[in-house]
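Working notes, beginning with the structure itself.
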Amino acid sequence: MHSTAMFWPMLGMAILTGIATVVVGRRRQAAIRAREMRMDDFVGGGDIPMTPAVWVSTRHLANHFEMPVLFHLICLAHLALQAGNVLALVLAWAFVLARALHMREHLGPNRVMRRFNLFLAGTLLMWALWLHLAAVLLLRG
């Protein structure tokens, strides 16, 4: 496998984060235009009164700086230690797919159990990547 292959799932995850950022911006603009929020709401810190759609999308964007950070770290570790192989790449892309489906659910119908199951699948895939790296390093000796 090419040594830079683990970069591409990281780019995929970065694109998902960019999409989440655009969704937040659009939902905030829509709420301001509908007079459900005011520009002044964003001036200071503290609690901002938000519409449910703005709150969900803001929370979703924050999710991209939680578990996915560990994903980026493990991908970088695979790259730095040249531990990437087909299994690692499949796990990484499966994580990105799980996160894309989670995004679709969270920003769409937002059925809690379905969203949780997608979140759990992504989490397990990310931890499988960490176990994969540990196994590769142990086998190397």
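We did not get these values from a lab; they are worked out from the coordinates using the rules stated. Everything quoted here is computed from the prediction, not taken from an experiment. So basically every Cβ, Gly included, is an ideal-geometry build from the backbone, and we count neighbours across all protein chains shown.
Looking across the stretch 90-100, the residues that are of a type in the set (A, V, I, L, M, F, W, C) and buried (at least 19 other Cβ atoms within 10 Å of the Cβ) come down to LEU91, ALA92, PHE95, VAL96, ALA98.
Just one of (1) in contact (Cβ under 8 Å) with a residue 12 or more places away in the chain; (2) within 26 Å of LEU124 (Cα to Cα); (3) in a helix (DSSP H, G or I) fails for VAL24. It is (2).
Conditions tested, residue by residue: (1) without any contact (Cβ under 8 Å) to a residue 40 or more places away in the chain; (2) under 27 Å from ARG27 (Cα atoms).
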residue	(1), (2)
ALA88	no, no
MET113	yes, yes
LEU125	yes, no
VAL136	no, no
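Taking the stretch 45-75 as the range and being surrounded by 14 or more Cβ atoms within 10 Å (Cβ to Cβ), part of a loop (DSSP other than H, G, I, E, B) and of a type outside the set (Ser, Thr, Tyr) as the test, the residues that pass are ILE48, MET50, HIS64.
In this structure, ALA34 does not qualify as among the aliphatic types (A, V, I, L, M), farther than 30 Å from LEU89 by Cα, surrounded by 15 or more Cβ atoms within 10 Å (Cβ to Cβ) and over 13 Å from the mean Cα position of the chain (by Cα).
Look at GLU66 and say whether it is within 28 Å of LEU133 (Cα to Cα) and of a type in the set (Asp, Glu). Criteria met by GLU66. Out of MET113, MET103, one residue alone is more than 13 Å from MET10 (Cα to Cα), out of contact with any Asp or Glu (no Cβ under 6 Å at 6 or more places or on another chain) and crowded, with 16+ Cβ neighbours inside 10 Å. It is MET103.
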